[in-house]
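See structure below.
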Number of protein chains: 2
Amino acid sequence: MPVLKKLLERNDSVAAHNRAHFDAHAVLALDLMSAPGAGKTALLEATIDALRGELRMAVIEGDLETENDARRIRAKGVPAVQITTGGACHLDAHMVHEALHGLSLEGVDILFIENVGNLVCPASFDLGQHRDVALLSVTEGDDKPAKYPILFRAADVVVLSKADLLPYVGDFEPARAERCLRELANAAPLVTLSARSGAGMRAWLDWLRSELSARRMRAASTRLTIQPLSAAQPPV
Amino acid sequence: MPVLKKLLERNDSVAAHNRAHFDAHAVLALDLMSAPGAGKTALLEATIDALRGELRMAVIEGDLETENDARRIRAKGVPAVQITTGGACHLDAHMVHEALHGLSLEGVDILFIENVGNLVCPASFDLGQHRDVALLSVTEGDDKPAKYPILFRAADVVVLSKADLLPYVGDFEPARAERCLRELANAAPLVTLSARSGAGMRAWLDWLRSELSARRMRAASTRLTIQPLSAAQPPV
């Protein structure tokens, strides 16, 4: 079997294990992917502030080096584990599995996994997440979905970040970014927001809430399907 | 031999072949690397405008998909070949070698190779270039050299791009970016510029001119070293 295929199969089996772990704790797990510096950590900081008291969150941070991002999250009072990949350009399921050993999911509603800043490689590795979040900063150019189709084709929501800079970058048309996304046959919601000014945050928070309740409804209906079987067991 | 090591060795041998080709044509070859959307193509456009009539340039563009960037360069009257890598997250020496078959270097002074937007993978693959140019946009965060040390440690010049946005991003300190770079023991020049406003372009153009003349002096001294041997050949 080709080496890459074997690697991906091993990754997928650990990813399935991670997902079962998330499901057992009724945690919604999201994989945040973007180019370096698109504002993933800033979005998490603003999300934590906005949902404080409403939802409990935890974060796994991926970077080649430094604990900078995990420190920023912990400063907000949210548990965070930093994965430093060394030279590796993306997280994989094994790294996330290892990180989970250092992170209690007890009582957690949403786990954010912030991937290494990279628009290519992270898209090919399942971590066990339920949903893919792709960020595109308005300073990066509106043709990015066409140039990095693998990631944007798979995204379950696309966030156009740093919208407060739109008046200054001049040549970024959110409508053109959306057209590039639709040309990949991706109908995912597109949310334009600024973590700094707070503009557009409500649509992002609503997406999080609706994903979380959809997941809980699925989990409840799974339990309902299993119950009759258990009820049919002979009493001990 | 491990697969990756074998791959890199094959790549290095093609890279050496590319470099010999550049040297035979007295061309300075530069590999431009950055995160997606840091403004590599915009810098090339501004460079072409500034050096028109003084130096002859050619461009190899690397992207997963689209001919967008090569089209932008050709619109400036400069020959450009687009490599579309499909899923690959970086250029390699074979791709550049292939592209060179479609690009005459006759009379060219500088060949710019614009790598796939990615702060990790391109740094590990020699293309045959003489110098590494790393761009970091001021919208990306000033701790990026610490977070992506492989690329920034190897850079021969670091360009802080989109400096016209500095007043609006708020939290980017060029001095902090420079400190991160120096902590990697890299003494390379750091040029802060805006391709849009033209501010700082002079330092970048001077770096290009000095690299080009240094390369020509090296080439001339190599010829001088070789000459006595040729002179010692018996006349035919």
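The values are calculated or read from the model by the stated rules, or taken from the named source; none is laboratory data. Quantities reported herein were computed from a predicted structural model and do not represent experimental measurements. Please note: Cβ atoms are built from the backbone with ideal geometry, for glycine as well, and neighbour counts cover all protein chains shown.
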A:Pro79 passes all but one of (1) surrounded by 17 or more Cβ atoms within 10 Å (Cβ to Cβ); (2) in contact (Cβ under 8 Å) with a residue 24 or more places away in the chain; (3) closer than 24 Å to A:Ala155 by Cα; (4) not hydrophobic (A, V, I, L, M, F, W, C); which number fails? (3)
Among the residues of the stretch A:2-18, are any closer than 21 Å to A:Lys144 by Cβ and not polar (S, T, N, Q)? no
Restrict the check to the stretch B:92-105 and report whether at least one residue is hydrophobic (A, V, I, L, M, F, W, C), buried (at least 17 other Cβ atoms within 10 Å of the Cβ) and facing chain A (nearest Cβ under 9 Å). no
Count, please, the residues in the stretch B:189-214 that happen to be closer than 16 Å to B:Leu151 by Cα and in contact with a Phe, Trp or Tyr (Cβ under 9 Å, 6 or more places away or on another chain). 1
Take the residues in the stretch A:1-38 that are assigned to a helix (DSSP H, G or I) and of a type in the set (S, T, N, Q), then tell me which one is surrounded by the fewest Cβ atoms within 10 Å (Cβ to Cβ). A:Ser13
So is A:Leu181 more than 9 Å from chain B (Cβ to nearest Cβ), assigned to a helix (DSSP H, G or I), in contact (Cβ under 8 Å) with a residue 24 or more places away in the chain and closer than 30 Å to A:His25 by Cα or not? no
All but one of (1) assigned to a strand (DSSP E or B); (2) under 17 Å from B:Leu119 (Cα atoms) hold for A:Val81, so report the exception by its number. (2)
Report yes if A:Gly87 is within 12 Å of another protein chain (Cβ to nearest Cβ), under 23 Å from B:Asn68 (Cβ atoms) and free of Cβ contacts under 8 Å to residues at least 60 places away in the same chain, otherwise no. no
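Residue-by-condition table, conditions (1) touching a His at 6+ places or on another chain (Cβ under 7 Å); (2) crowded, with 21+ Cβ neighbours inside 10 Å; (3) not β-branched (Val, Ile, Thr):
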site: A:Asn115; (1), (2), (3): yes, yes, yes
site: A:Asp142; (1), (2), (3): no, yes, yes
site: A:Leu166; (1), (2), (3): no, no, yes
site: A:Arg179; (1), (2), (3): no, no, yes
site: A:Ala185; (1), (2), (3): no, no, yes
Condition met for A:Glu45 (within 27 Å of A:Ala163 (Cβ to Cβ), surrounded by fewer than 24 Cβ atoms within 10 Å (Cβ to Cβ) and in contact (Cβ under 8 Å) with a residue 60 or more places away in the chain): yes
Of all the residues that make up the stretch A:142-170, how many are in contact (Cβ under 8 Å) with a residue 12 or more places away in the chain, at the interface with chain B (Cβ under 10 Å from one of its Cβ atoms) and assigned to a loop (DSSP other than H, G, I, E, B)? 4
Is one or more of the residues making up the stretch B:88-107 small (Gly, Ala, Ser), in a helix (DSSP H, G or I) and at pLDDT 95 or above? yes
Could you figure out which of (1) without any contact (Cβ under 8 Å) to a residue 60 or more places away in the chain; (2) within 14 Å of another protein chain (Cβ to nearest Cβ) isn't true of B:Ala123? (1)
How many of the residues in the stretch A:53-70 are free of Cβ contacts under 8 Å to residues at least 40 places away in the same chain and either assigned to a loop (DSSP other than H, G, I, E, B) or more than 11 Å from chain B (Cβ to nearest Cβ) (or both)? 6
